[in-house]
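Notes for the one structure printed next.
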Amino acid sequence: MAITAGRPPKAPDGPLNEPPVFASTFHAGGPVAYGRDGNPTWTAFEDALGALEGGSALAFASGMGAITAVLETLPVGALVVAAEQSYSITRVFLEERAAAGRFRLRLVDIGDTTAVSVALDGAALLWTETVTNPLNVVADLPALAAAAKLVGATSVCDATFSTPYVLRPLDHGIDIVVHSATKFLSGHSDVVLGAVVTADPARCEAVRRMRSHYGAIAGPMEVWLALRGLRTLGVRMDRAMANALDLATRLSTHAMIERVRYPGLPNDRWHDRATALMRRGFGAMVSFDVVGGAGAAEALCTSTDLIVHATSLGGIESTIERRRRWPGESRSTPENLVRMSVGCEAVEDLWADLDHALTIARRIAGA
Ligand SMILES: Cc1ncc(COP(=O)(O)O)c(C=O)c1O
């Protein structure tokens, strides 16, 4: 499906894939008319992602463009219940807008389904991630979706970490999926893009209006690159997830590692839930706490060579960073937590690089 969805109709000498269409203005009489409302390159990407997620997709200029458009559909003063461990900028945005009176906000421990259900009393919207960034907490999506439905709240799930190759939130009762398509969907660290997917036509139309009115629209070139990347999603994910499980297993017995947070490990707190929800693997994001505190964790990140010291994630190249280096990161993220986005390199090369950097970190930390 990732390879074929969103192709133009077969026609002699027609292209296999929709090329980037650079146009602000279209001849009158069609459904698009103007480049802030539609573009054939968007449609190709949206058809492909919609087919993969099981709904209708809308492309956005960035993941944050997608996230804020969904939140903007809420009435003023609506109660949002959101995972405290969410992507830091999502949480900071919610906190800032709540302080400004736009929403009311209840932050919750999303792993604790009972506590979330209680917090949902009076809520208009539940915000979760499939697997939280960066603690790798796995949310019980079917139970959370049911609890939200019970109180009439819209359930929204950021599925950036898992992708539809691993987990389709709409299948579990979630109303709206959002993506930073910048990450695994595009897969090559060369594009910033977002998406919203829902199977509910009214919700889709409400978000589409936000896109047209606020104007967080995707460039045709970015969408074309994203669709090109999406074509290999399965191949990349298979390789990256196998690498991630291998590295997580090796890290879990390394003397410099206090704790590995990866739901694919049998002794991980979220392994059973992840096994019930995920297919094909457990994602390619591995977080771990380094012996020796923030200094040792920082030393590790600056000592790798093949593994790139950089933020962001989901590329074919592995990246690593200490998340608390960012001021907006949650205090529930340990200072010594390192988040690694595992890519598609040869796993022995990755391990050699990691092991060498851990040796340097040990020396620096005096551990
Ligand atoms: C889980 C998650 N959601 C959303 C975003 C925001 O996406 P973007 O950077 O494309 O705006 C990020 C970015 O890192 C993320 O990790």
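The values are calculated or read from the model by the stated rules, or taken from the named source; none is laboratory data. Everything numeric in this text was worked out from a predicted model, so none of it was measured. In this analysis, Cβ positions are derived from the backbone assuming ideal geometry, glycine residues included, and neighbour counts consider all displayed protein chains. Each accessible area value is taken on the protein alone, full model and side chains, heavy atoms only, with ligands, DNA and RNA left out. Shrake-Rupley method; radii C 1.70, N 1.55, O 1.52, S 1.80 Å.
Can you tell me the order of 304-314, 346-356 when each peptide is scored by its average per-residue count of other Cβ atoms within 10 angstrom, highest first? Let's see the in-between values first.
Numbers: 304-314: 18.1, 346-356: 15.5.
So the order, starting with the most tightly packed, is 304-314, 346-356.
Taking the DSSP beta bridges in region 40-230 as the whole, what percent of them are antiparallel, to the nearest 5? Spell out each step's value before the answer.
On the way: 11 of 27 bridges.
The answer is about 40 percent antiparallel.
Percent relative contact order of the chain, based on C-alpha pairs within less than 8 angstrom and at least six residues apart?
Numbers: 801 pairs, mean separation 60.1, N = 367.
Relative contact order of the chain: 16 percent.
Using alpha carbons only, how many angstrom separate the centre of region 2-68 from the centre of region 100-114?
For region 2-68 versus region 100-114, the Cα centre distance is 34 Å.
In whole Hz, what ³J(HN,Hα) sequence does region 348-363 give by Karplus (6.51, -1.76, 1.60; θ = phi - 60°), x for Gly and Pro?
5, 5, 5, 5, 4, 5, 5, 4, 5, 5, 5, 5, 5, 4, 4, 4
Mind giving me the FRET efficiency for Ala352 and Arg325? R0 is 35 Å, r the Cβ-Cβ distance, nearest 0.05 is fine. All intermediate terms of the calculation are to be shown ahead of the outcome.
Numbers: r = 25 Å, r/R0 = 0.71.
The calculated FRET efficiency here is 0.90.
Give me the percent of accessible area attributable to carbon and sulfur for the chain, probe 1.4 angstrom.
Details: 8210 of 14800 Å².
About 55 percent, which is the carbon plus sulfur part of the accessible surface.
Can you compute the label reach from Ala242? Point 7 Å from Cα along the Cβ direction, backbone N cut-off under 18 Å, restricted to region 149-173.
Once the point is set 7 Å along Cα→Cβ of Ala242, 165-166 turn out to lie under 18 Å by backbone N, inside region 149-173.
Measuring with a 1.4 Å probe in the full set of protein chains, what accessible area per residue, in whole Å², belongs to region 40-230?
Ligands and nucleic acids excluded, the result is 32 Å² per residue.
Please calculate the 1.4 Å probe accessible area of Tyr34, with all protein chains present, and give it to the nearest 10 Å².
Rounded to the nearest 10, that gives 100 Å².
So what does His179 come to for accessible area, using a 1.4 Å probe and Å² rounded to 10?
Approximately 0 Å² for this residue.
Would you mind counting up the charge near Arg106? Only other residues with Cβ under 15 Å from its Cβ, with Lys and Arg at +1 and Asp and Glu at -1.
Values: positive: Arg91, Arg97, Arg102, Arg104; negative: Glu84, Glu95, Asp109, Asp112, Asp121.
So the surrounding residues net to -1.
Give me log10 I(q)/I(0) at q = 0.16 Å⁻¹ for region 182-247, Debye formula, one equal scatterer per alpha-carbon, no solvent.
With one equal scatterer per Cα and no solvent, log10 I(q)/I(0) is -0.68.
With N residues in the chain, what two-decimal value do you get for its Cα radius of gyration over 2.2 N^0.38 Å?
Numbers: Rg = 20.6 Å, N = 367, 2.2 N^0.38 = 20.7 Å.
After normalising by residue count via 2.2 N^0.38 Å, the value is 0.99.
Based on alpha-carbon centroids, what's the gap between region 309-327 and region 198-245 in Å, whole number please?
20 Å
From the C-alpha coordinates alone, can you work out the Kirkwood hydrodynamic radius of region 94-235, in Å?
Values: mean 1/r = 0.0614 Å⁻¹.
That comes to 16.3 Å for region 94-235.
Compute the length gained on full extension between Ile89 and Glu205: take 0.36 nm times their separation in residues and subtract their Cα-Cα distance, giving the result in nm to one decimal.
Values: separation 116, 0.36 × 116 = 41.76 nm, distance 2.54 nm.
That works out to 39.2 nm of additional length.
Quote to one decimal, in nm, the extra length available between Ala100 and Tyr34 on full extension: 0.36 nm per residue of separation minus the C-alpha distance between them. Please report the intermediate quantities before stating the final value.
On the way: separation 66, 0.36 × 66 = 23.76 nm, distance 3.36 nm.
Contour length minus the Cα-Cα distance gives 20.4 nm.
Suppose only helical runs count, i.e. DSSP H with n ≥ 4. What mean residue ellipticity at 222 nm does that imply for the chain under -39500 (n - 2.57) per run, divided by all residues and rounded to the nearest 500 deg cm²/dmol? The partial results should precede the final answer.
Details: 11 runs with 134 residues, N = 367.
About -11500 deg cm²/dmol.
Using alpha carbon coordinates only, what is the Rg to Rh ratio of region 294-336, with Rh defined as the Kirkwood radius? It would help to have the intermediate numbers written out before the result.
On the way: Rg = 10.8 Å, Rh = 11.0 Å.
Value, to two decimals: 0.98.
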